[in-house]
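Just so it is clear, none of the values below were taken in a lab; they were calculated from the coordinates. Since the model is a prediction, treat every value here as computed from it, not as a measurement. Methodologically, a virtual Cβ is constructed for each residue, glycine included, from the backbone with ideal geometry; neighbour enumeration extends over all protein chains shown.
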Amino acid sequence: MSRTHVVVGAGPVGSGIARALAARGDRVRVVTRSGSGPEGPGLTRHALDAARGDELAAVAAGSDSIVNALNPPYHRWADVWPGVSTGLLGAAEASGALLLHVSNLYGHGPSVRTMVEASPDLSAAGTKGAVRAAVWARSRAAHEAGRVRTVELRASDYFGPGSAGNSHLDLEVVGPVVRRRPPVALVGDPSAPHSWTFLPDLTATVLAVLDAERERGGLSGRVVHVPNSPARSMQQVADDVAGLLGRRPPRVRVLPRPLVGALGLVVPFLRELREVEHQFRRPFVADGTATAALLGVTATPWSEALAADVRALGGEPVAPLPALSRPRGTAR
């Protein structure tokens, strides 16, 4: 039976979700401020600001879910998210639709422990972790008050076909190695283990959440993690890409901090990276085992995911992925 969904946001994540829902025969209303977004059978586009809850509620009337796939400009999170959160909650309450937040791991805060779904929310040192934690806290409180049904899906930094140049891993490591250019990490330690979310796996998990809530219920108020392959450092990823391409692995360098600071004066995104540098300097590992058991979704094997990413970026693997490489130490 066809269902109706509202997808708020049309970046790589929102567009991928909207297309996947439409491809299986569901009706999808894509909401962006400009009215942009994917086109095709089953897809309609709506121009409005998600902070305008009444207007969003009108679009969401009769829908099964509202998928929050927004990602405002990095430096505007503190200004944009409070109003958007209010609009989303108002629309979910008025329409009765499930509110599914497609979020990230920032709310867990700096930690060397493996992050699991049951980990307590600990605000990161800075505004971004606090902002994302507050969005979920408001939604969970509304769930506990019986006003809305809501789930938060948390993914790590994504990569893969469809990332459209918005992926740390693709921009800093995979793409440069494919193009025979030096891979350069913007911040952090290239030897630090990091979980990476394959974009198609994120989309598959969203669909599994929507189906499970519709068929079984009981997910509201929960946090779920997108299952990821075993964590790989940026240096290990560079080794793996080179192995697929039959080349000698390059050393991943790090952009000097003074240069990052200077560039941050004119590039807001780089300025904001200071708050989340811990995610790339320390182990940043997420476990989605509970989600896999609950929803029956699993991560695409690392070798398959990376090969697909390499092809999407213009490379052609010529060899199977060798045995997982060991960390090569911190690049200097």
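Some notes on this structure:
- Mean separation of Cα contacts under 8 Å, 6 or more apart, over the residue count of region 182-236: relative contact order %: 61
- Mean separation of Cα contacts under 8 Å, 6 or more apart, over the residue count of region 1-48: relative contact order %: 36
- Charge sum, other residues only, whose C-beta stays under 14 Å from Val226's C-beta, Lys/Arg counted +1 and Asp/Glu -1: -3
- Distant-in-sequence amide contacts of Asp157, defined by a placed amide H-H separation under 5 Å and a gap of 5 or more residues or a different chain, comprise Thr197.
- Between Ser95, Ser36, Ser163, the residue with the greatest mean-square fluctuation in the GNM of the chain (Cα pairs under 10 Å linked by springs) is Ser36.
- Under 5 Å from the amide H of Leu99 lie the amide H atoms of Ile66, Arg149, Thr150, Val151, each residue being 5 or more positions distant or on a separate chain, with H modelled from the backbone and absent for Pro and chain starts.
- For region 142-239, applying the loop criterion from DSSP together with a ceiling of 12 other beta carbons within 10 Å to the trypsin sites (Lys or Arg not before Pro) yields Arg179, Arg180, Arg216.
- Karplus-derived 3J(HN,Hα) values for region 222-232, using 6.51 cos²θ - 1.76 cosθ + 1.60 with θ = phi - 60°, are 9, 9, 10, 9, 5, x, 10, 5, x, 4, 10 Hz; glycine and proline are entered as x.
- Helix-only arithmetic for the chain: the sum of -39500 (n - 2.57) across DSSP H runs with n ≥ 4, divided by the residue total, places the mean residue ellipticity at 222 nm at -11000 deg cm²/dmol.
- Only helices reaching 20 angstrom along their own axis (Cα) with mean Kyte-Doolittle hydropathy no lower than -1.0 count here, and for the DSSP H runs of the chain these are 77-95, 127-144, 199-215.
- For the chain, averaging the sequence separation of C-alpha pairs within contact (under 8 Å, six or more residues apart) and dividing by the residue count gives a relative contact order of 17 percent.
- Dipole in debye (nearest 20) - the chain, about Cα centre, beta carbon charges: Lys, Arg +1; Asp, Glu -1: 880
- Given +1 at the Cβ of Lys and Arg, -1 at the Cβ of Asp and Glu and no other charges, the dipole of region 1-70 around its Cα centre is 180 debye to the nearest 20.
- Rounded, prolate or oblate (a/c below 1.5 giving rounded, otherwise prolate when a/b exceeds b/c) for the chain by Cα gyration tensor: prolate
- Gyration tensor verdict on region 30-130 (Cα atoms; rounded if a/c is under 1.5, prolate if a/b is larger than b/c, oblate otherwise): prolate
- Choice from Gly162, Gly53, Gly25 with maximal GNM fluctuation in the chain (Cα, 10 Å cutoff): Gly25
- Most mobile of Thr289, Thr205, Thr197 in a GNM of the chain (Cα contacts under 10 Å): Thr289
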